[in-house]
Amino acid sequence: MDKYPSIIIIIAALLLSAASCDNRKKSTSTETEGETATQRVLDPSPFSAHNAYRHIEAQVGSGPRVPNTEGHAQTADYIARHLEASGLQVIRQEALLTAYDGTPLKAVNLIGSYRPEATRRVMIFAHWDTRPFADHDPDPRRRKEPIPGADDGASGPGVMLELARLLSEKGLENIGVDFMFFDAEDYGVPDWEKRHNTNTEETWALGTQYWTKHPHKQGYTADFGILLDMVGAKDAVFKREYFSQESAGPIVTKIWQTAKELGHGNYFVNKTGGAITDDHYFVINNLRIPCVDIINYDNDFGSYWHTHSDSLENISKETLQAVGETVWQVLMDYDRTIRE
């Protein structure tokens, strides 16, 4: 994706008043942007950051996951195998896509569906490919080499595979969940080509764009979607991204408030961020599904972004835990809401 902000929008600070709470214990009544979170008891989280980390480690161990490479094919099989092991219905959506420079890309979108018969659905998604160029690397000699992509490409899928396991063990009663692993997201125009290509946004998120035009099920829709992108780095900062706020404001509030109640407010910082052209942008615009982008962005994407330093050394189990158990709690809360 074009993880440069497509626009940086300064809007008024969102006023949130939240009472303090003990981690995973009873929370007090809280008013957030006109919504009231009533007193409730948070569920002890079964999410395992260790398992999520192992999935990230396995992906990185396959090498860069650039379309048309052996590491890419191995990782597709790995993801599909683990989704099937969790009892999900798995669809491999294969497509021949075209990169910005005309390169044909053998892309694979992987969809794992929990309770595929349910009409009320939530989509959790991420990209699983890696950047074919290290165009931000400090060493100019290595900028045309693919990156390891531990955070940018492997962290979202790692969290999702652990969430899929939890669904197979714990289950939900009233909603279905679709885990969508989109391909060819990070094959956008590199820095050295931007002066020759003015339509850079459309060169990113190719797998997502394809899926929005050819959904795996005709007429597919979901109540909302959550995008997990770059969710594993140490000291990550997740702010309320602009397009997320515009399309799914109440869901953004729910996620950030839940994170605070779980004791993760240091990661989910309740401030507005920039507008990021990411996978969710195309889902919102093409299918009108409200989506939230949980992405590590605090005025920049970190020194390791699109460099060879995007390695396992940057991954924090504490960050993975914060993201994983927050999303898990949101899914459980929504399931209860539908039931009630």
(message) For region 79-96, which positions are under 20 Å from the mean Cα position of the chain (by Cα) and of a type in the set (A, V, I, L, M)?
(response) I79, A80, L83, L88, V90, I91
(request) Give the residue that is surrounded by the fewest Cβ atoms within 10 Å (Cβ to Cβ), with candidates limited to residues of region 189-245 that are of a type in the set (V, I, T) and closer than 26 Å to D298 by Cα. (result) T198
(message) Quick check on region 126-143. Is at least one of its residues part of a loop (DSSP other than H, G, I, E, B), of a type in the set (D, E, K, R) and open to solvent by 50 Å² or more (accessible area, probe 1.4 Å)?
(response) yes
(request) Give the residues of region 83-106 that are open to solvent by 60 Å² or more (accessible area, probe 1.4 Å) and assigned to a helix (DSSP H, G or I), sorted by residue number. (result) E84, A85
(request) Please enumerate the residues belonging to region 147-188 that are open to solvent by 10 Å² or more (accessible area, probe 1.4 Å) and touching a His at 6+ places or on another chain (Cβ under 9 Å). (result) P148, R165
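Does V122 satisfy the condition of being within 30 Å of K260 (Cβ to Cβ), in a strand (DSSP E or B), within 20 Å of the chain's Cα centre (by Cα) and in contact (Cβ under 8 Å) with a residue 40 or more places away in the chain?
Values: within 30 Å of K260 (Cβ to Cβ): yes; in a strand (DSSP E or B): yes; within 20 Å of the chain's Cα centre (by Cα): yes; in contact (Cβ under 8 Å) with a residue 40 or more places away in the chain: yes.
For V122, the condition - within 30 Å of K260 (Cβ to Cβ), in a strand (DSSP E or B), within 20 Å of the chain's Cα centre (by Cα) and in contact (Cβ under 8 Å) with a residue 40 or more places away in the chain - is met.
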(message) Can you report the number of residues in region 315-338 which are hydroxyl-bearing (S, T, Y), assigned to a helix (DSSP H, G or I), over 13 Å from I294 (Cβ atoms) and modelled with pLDDT of 95 or more?
(response) 1
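With respect to V269, determine if the residue is surrounded by fewer than 24 Cβ atoms within 10 Å (Cβ to Cβ) and of a type in the set (A, V, I, L, M, F, W, C).
Numbers: surrounded by fewer than 24 Cβ atoms within 10 Å (Cβ to Cβ): yes; of a type in the set (A, V, I, L, M, F, W, C): yes.
Yes, satisfied.
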(message) So, in region 41-60, how many residues would count as being at pLDDT below 95 and open to solvent by 50 Å² or more (accessible area, probe 1.4 Å)?
(response) 2
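The values are calculated or read from the model by the stated rules, or taken from the named source; none is laboratory data. Note that the coordinates shown come from a computational prediction; the quantities given were computed from them, not determined experimentally. A quick note on method: Cβ atoms are made from the backbone with ideal geometry, for glycine too, and the neighbour counts reach across all protein chains shown. Each accessible area value is taken on the protein alone, full model and side chains, heavy atoms only, with ligands, DNA and RNA left out. Shrake-Rupley method; radii C 1.70, N 1.55, O 1.52, S 1.80 Å.
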